[in-house]
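The values are calculated or read from the model by the stated rules, or taken from the named source; none is laboratory data. These figures come from a predicted structure and were not determined experimentally. Ideal geometry is used to build each Cβ from the backbone, glycine not excepted, and the neighbour counts take in all protein chains shown.
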Amino acid sequence: MRSSLGVVNWCEGVLMTKLDGIRRTLVLALEFASLRGRTISDTTGLGACVARAIVGCARAPEEYVCLGQYLSRPIVLCTGGIWMKVRPRSDDLNYLTPAHKPLVSRRLHVVPGDVVLDVGAHIGFFTLRCAEQGAMVYAIEPNRGTYQILCENIRLNGLESRVKAFDVAVGDEPGQTQVFARGRFTGTSSLYHEWDSGNPRLAGLPISGANETRVVTLDSILKDAGQDVVDWLLIDAEGSEVRILKGAAEALQEVRNVVIECAKGESTQVCRRILEMAGLTIVESEEADPGTVYVYGARYGI
């Protein structure tokens with residue numbers, strides 16, 4: 001009797017896992033329903049990806065990482081009027097809708113002439129939106145393969161005059177560093193080995209050194225660009241956020257709005273403290289997942 005009950009419980013567990021995998025994929029599919037391909041081939045490529053993901057989740061939900069792992073070839077999609085190229089078997093698709101960063105999407109409002117500094121720009125979701133709305137954007141992406149896609153997406157939209165892209169890392173002092181990534185799952189590329197080991201979907205994937213890169217400070221970037229005021233500073237640097245702020249002592253005095261992705265715990269508290277010491281008010285914090293907190297700070301009266 002116990003043996004039979006154990007088999008039933010095991011079957012229920014397997015069924016629930018499969019159903020959860022299918023549910024996650026369907027939720028993502030609905031998010032992407034409004035996207036259209038640049039060509040019919042791109043549109044059908046996305047549809048085939050969703051179909052493969054549903055089948056894959058039903059067969060082996062434990063192997064599910066993200067929808068993009070089922071994409072078999074590069075495609076170009078339109079999201080909110082912006083064209084974006086995404087890579088096959090990667091997590092690029094995850095970053096094509098506002099849902100991946102709700103607080104940033106909710107708070108970020110630029111006007112023509114604004115200056116935006118996007119640290120950890122990835123393939124350009126927020127960079128391109130800000131530039132399309134008339135802002136001047138300085139986009140920083142240390143993962144070289146991702147940087148190349150970012151540059152392609154800038155050219156696809158004819159925004160070269162409004163975006164300056166840099167393939168460097170940002171820290172508290174100049175130097176050289178290694179960028180780590182889990183293959184093509186570059187959304188969590190970091191200067192720290194096994195930074196994303198707490199993510200159960202990624203923990204089993206091999207880590208490799210994506211590339212070496214130069215480290216600069218935010219103060220030096222703005223000085224070289226001749227910019228005195230930054231209207232929006234966006235930071236998504238997978239563990240480097242505190243060092244980035246420590247290398248921005250001068251820049252933070254002239255920043256009007258900041259949104260930072262922080263590791264939950266001490267990193268969040270240190271970031272909040274640095275922003276407050278620079279004269280910014282913490283307006284909102286939001287926990288995105290069990291290990292991540294987004295912090296929005298603003299400077300009033302300027």
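Comparison of Gly279, Gly239 shows that the only residue that is in a loop (DSSP other than H, G, I, E, B) and at pLDDT 90 or above is Gly279. Any residue at all in the stretch 145-163 that's without any contact (Cβ under 8 Å) to a residue 40 or more places away in the chain, surrounded by fewer than 20 Cβ atoms within 10 Å (Cβ to Cβ) and in a strand (DSSP E or B)? No, there is no match, as no residue in the stretch 145-163 is without any contact (Cβ under 8 Å) to a residue 40 or more places away in the chain, surrounded by fewer than 20 Cβ atoms within 10 Å (Cβ to Cβ) and in a strand (DSSP E or B).
Taking the stretch 254-276, which residues are over 19 Å from the mean Cα position of the chain (by Cα) and assigned to a loop (DSSP other than H, G, I, E, B)?
Gly265
Gly68 meets the conditions (1) at pLDDT 85 or above; (2) more than 16 Å from the chain's Cα centre (by Cα); (3) over 17 Å from Leu128 (Cβ atoms); (4) of a type outside the set (Phe, Trp, Tyr) in every case but one. The failed one is (2).
Look through the stretch 104-136, keep the residues that are of a type in the set (Gly, Ala, Ser) and at negative phi, and return whichever of them is surrounded by the most Cβ atoms within 10 Å (Cβ to Cβ). Show your work before the answer.
So the first thing to find is which residues in the stretch 104-136 are of a type in the set (Gly, Ala, Ser), and the list is 105, 113, 120-121, 124, 131, 134-135.
Of the ones still in play, those that are also at negative phi are 105, 121, 131, 135.
On the way: Ser105: 15, Ala121: 28, Ala131: 25, Ala135: 21.
Selected residue: Ala121.
For the subset of the stretch 172-192 comprising residues that are out of contact with any Gly (no Cβ under 6 Å at 6 or more places or on another chain), modelled with pLDDT of 70 or more and not in a strand (DSSP E or B), which member is nearest to Glu241 (Cα to Cα)? So the residue we want is Glu173.
When you check Ile75 against the structure, is it over 30 Å from Leu222 (Cβ atoms), surrounded by fewer than 18 Cβ atoms within 10 Å (Cβ to Cβ), modelled with pLDDT of 75 or more and among the aliphatic types (A, V, I, L, M), yes or no?
Details: over 30 Å from Leu222 (Cβ atoms): yes; surrounded by fewer than 18 Cβ atoms within 10 Å (Cβ to Cβ): no; modelled with pLDDT of 75 or more: yes; among the aliphatic types (A, V, I, L, M): yes.
It is false that Ile75 is over 30 Å from Leu222 (Cβ atoms), surrounded by fewer than 18 Cβ atoms within 10 Å (Cβ to Cβ), modelled with pLDDT of 75 or more and among the aliphatic types (A, V, I, L, M).
Evaluated against (1) modelled with pLDDT of 85 or more; (2) basic (Lys, Arg); (3) more than 30 Å from Ile282 (Cβ to Cβ), Lys18 falls short on exactly one condition, (1).
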